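J.: Structure provided below as structure tokens; questions to follow.
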Amino acid sequence: MNSGRFLTTHVGSLPRADDLLDLIVAREEGEAVDTAALTTRIHQAVDDVVTAQATAGLDIINDGEQSKPSYATYIKDRLNGFGGTGTSYVFQDIEDFPGVKARIFADTGRKHRKTPACNAPITVKDMDAVHEDATTLNTAIAKHPGRTAFMSAASPGVTALFFRNDFYATDEDYLFALAEGLRHEYEAITQAGIILQVDCPDLAMGRHTQFRDLSLAQFRERMALNIAALNHATRNIAPDRMRMHLCWGNYPGPHHCDVPLRDIIDLVWTARPHAIQFEAANPRHAHEFELFQQVCLPEGKMLIPGVVECQSGYIEHPELIAQRIGRYANLVGRDNVMAGVDCGFSIHAGSGGVEPGVVWAKMAALAEGAAIATRQFWP
């Protein structure tokens, strides 16, 4: 419930300072890095981005994923089993546009992304990292009363998408091994009093990447399996302590192969997290609010539509943000809507096309737009 106003949040990754980025890239490339110096720099970076989010007026904020090389690939450092060769990717939409493909894969963050295949049993390798992340975030957010903390974590399905299976007999066995390994991270986050956000691009982006050769019916079967693994991994966490990010891929491509939300929404509802974040501002998905004229929001679910784009350098006008919030509030009820961002601003360390100062201006516009919508819906 929104307690008389529209709350604001975002998806997760935020720009990293150049000196921190240099340290993270060096670590990813296997270079010697002063661990103590890196830890100190991460603590300062988290404090900085938490302060910036609070200053912008956001309500539910995070650590900006400052300690991670990527929203998904950090898992290779926290679970055993990833010692295989690198995984390659095909995005169906950009295959039609070679120039776009070249620009996307030249992105600094993607060039340093490490995705070794699974070639051994999945077991927990490092539980200290998630506890350190949680402590760092809680320490930073304690300086800003009235804010709530969230922390993102990769889903079993997106982990399987990034790290191919060269070990388990079946993909189902692999998914549920990942689910059991990731369960510890999920529970550590919520036990620290932080809302868990599970990132699930596999449930949408997977249609035109990993599962591009499947029929829609076959993709839906795999999607249902991924959700079953997610539900297994989160079985000990209350739904209202979790939210789930649905994504068609945060990259500047044409996205003309994106699966329509209409074709998957019924399965999305079967996931345990009570709040669903999804892209709703970009030109490929902004029209899909109309879906909720026919589709009812299940009891206990909440929508967090993106009302700000993460790929555009335009700063959305607060009145437009208020209009976007209002579209959903009119259809599913004002208490069932929170205002969000389409995706992260730097999903791989070093990636992101929006200048950091513009990112914070977008966040401030988000808060201002939510305040305008609040006055309209709670006069």
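Computed from the coordinates by the stated procedures, all read-outs in this text should not be read as laboratory data. Values in this document were obtained by computation on a predicted structure and should not be read as measured data. Because the Cβ atoms are built from the backbone with ideal geometry, glycine has one as well, and the counts that use them run over all protein chains shown.
J.: Taking 0.36 nm per residue of separation and subtracting the Cα-Cα distance, what length does fully extending Gln294 through Tyr89 add?
T.: Value of the extension gain: 70.3 nm.
J.: Modelling each spin label as a point 7 Å along the Cα-to-Cβ direction, I'd like the Lys125/Leu320 distance in nm, to one decimal.
T.: 4.2
J.: So if I place +1 on the C-beta of Lys and Arg and -1 on the C-beta of Asp and Glu, and nothing else carries charge, what would the dipole magnitude of the chain be about its Cα centre? I want it in debye, nearest 20.
T.: Using only the charged Cβ atoms, the result is roughly 540 debye.
J.: For Ser3 and Asn236, compute 0.36 nm times the residue count separating them, minus their Cα-Cα distance, and round to one decimal in nm.
T.: 81.2 nm
J.: Go through 272-278, 68-74, 168-174 and give me the packing order, highest mean Cβ count within 10 Å leading.
T.: In descending order of packing, they fall as 68-74, 272-278, 168-174.
J.: Are there trypsin sites (Lys or Arg not before Pro) in region 155-246 that DSSP marks as loop and that have at most 15 other Cβ atoms within 10 Å, and which are they?
T.: Arg212, Arg235
J.: Here is a follow-up. If you average the C-alpha positions of region 72-101 and of region 281-328 separately, how far apart do those two centres end up, in angstrom?
T.: 28
J.: Using the Cβ atoms and a cut-off under 14 Å, what net charge is assigned to the surroundings of Ile372, where Lys and Arg are +1 and Asp and Glu are -1?
T.: +2
J.: Roughly speaking, what is the stretch gain from Asp266 to Asn80, that is 0.36 nm per residue apart minus the C-alpha to C-alpha distance, in nm to one decimal?
T.: Full extension from Asp266 to Asn80 adds 63.5 nm.
J.: May I ask you to evaluate 6.51 cos²θ - 1.76 cosθ + 1.60, the Karplus curve with θ = phi - 60°, for each residue of region 48-53 and list the ³J(HN,Hα) values in order in whole Hz, giving x for glycine and proline?
T.: 5, 6, 5, 4, 5, 5
J.: Provide the net charge surrounding Glu290, with neighbours chosen by a C-beta distance below 11 Å and charges set as Lys +1, Arg +1, Asp -1, Glu -1.
T.: Computed value for this residue: +1.
J.: Beyond 23 Å, what share of the Cα-Cα pairs of region 249-379 is found? Please give it as a whole percent.
T.: Of all Cα-Cα pairs in region 249-379, 33 percent lie more than 23 Å apart.
J.: While we're here: Please work out the FRET efficiency for the pair Thr55 and Asp22, using the Cβ-Cβ distance as r and a Förster radius of 30 Å; give the result to the nearest 0.05.
T.: Taking R0 as 30 Å, the efficiency between Thr55 and Asp22 is 0.70.
J.: If you don't mind, another one. So for the chain, Kirkwood radius off the Cα pairs, Stokes-Einstein at 25 °C and 0.890 mPa s: how many µm² s⁻¹?
T.: For these conditions, the coefficient is 118 µm²/s.
J.: Then there's this: Once R0 is set to 41 Å, what does the formula 1/(1 + (r/R0)^6) return for the Cβ-Cβ distance between Arg284 and Val33, expressed as a FRET efficiency to the nearest 0.05?
T.: Efficiency for this residue pair is about 0.60.
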